[in-house]
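One structure is given below, encoded as structure tokens.
The values are calculated or read from the model by the stated rules, or taken from the named source; none is laboratory data. Model, not experiment: these values are computed from the prediction. Here the Cβ positions follow ideal geometry from the backbone for every residue, glycine too, while neighbour counts run over all protein chains shown.
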Amino acid sequence: MPLISRVEERAMKRGFEKGFQQGFQQGLQQGLQEYREGLQETVVKILQNHFESVSPELVAAINAIEDISVLKQLIDISLKSNSLEEFEQLLAQHHSRLPTTQWNNDL
């Protein structure tokens with residue numbers, strides 16, 4: 001007499017597959033979140049290294065950006081900007097879909 005029936009075996013297999021898929025999706029989402037946060041941090045660090053003082057509002061605006069391709073573009077913009085004001089202007093021009101914050105209201 002088998003310890004588990006075929007029905008139980010199939011149910012266990014389906015449960016395992018479903019759990020594996022959910023775990024994979026959660027891991028993928030967590031990895032993307034960490035990558036996004038790393039890009040946000042990189043933009044802020046570049047700006048701080050070039051211009052020393054970066055307003056909390058600008059940091060918050062950068063941290064609110066979730067689109068990875070936009071964050072990659074911001075790294076390029078931050079490296080090419082000659083001033084913080086130039087970065088803010090380029091940011092406003094190229095990414096008008098970003099949330100309105102104090103820093104771009106002043107532009």
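Taking LEU79 as the residue in question, decide whether it is more than 27 Å from GLN29 (Cα to Cα), more than 15 Å from the chain's Cα centre (by Cα) and exposed (fewer than 14 other Cβ atoms within 10 Å of the Cβ).
yes
Can you pull out the residues in region 82-102 that are at pLDDT below 50 and over 20 Å from the mean Cα position of the chain (by Cα)?
GLN102
Farther than 27 Å from GLU88 by Cβ and acidic (Asp, Glu): which single residue out of GLU9, GLU57, GLU41 fits that description?
None of the others qualify; the one that does is GLU9.
Counting just the residues of region 48-76 that are over 17 Å from ARG36 (Cα atoms) and of a type in the set (Asp, Glu), which one comes out nearest to the chain's Cα centre (by Cα)?
Looking at the filtered set, the residue picked out is GLU57.
Anything in region 27-58 that is at pLDDT 95 or above, surrounded by 15 or more Cβ atoms within 10 Å (Cβ to Cβ) and either of a type outside the set (Lys, Arg) or in contact with a Pro (Cβ under 7 Å, 6 or more places away or on another chain) (or both)? List them, or say none.
LEU39, GLN40, THR42, VAL43, VAL44, ILE46, LEU47, listed by residue number.
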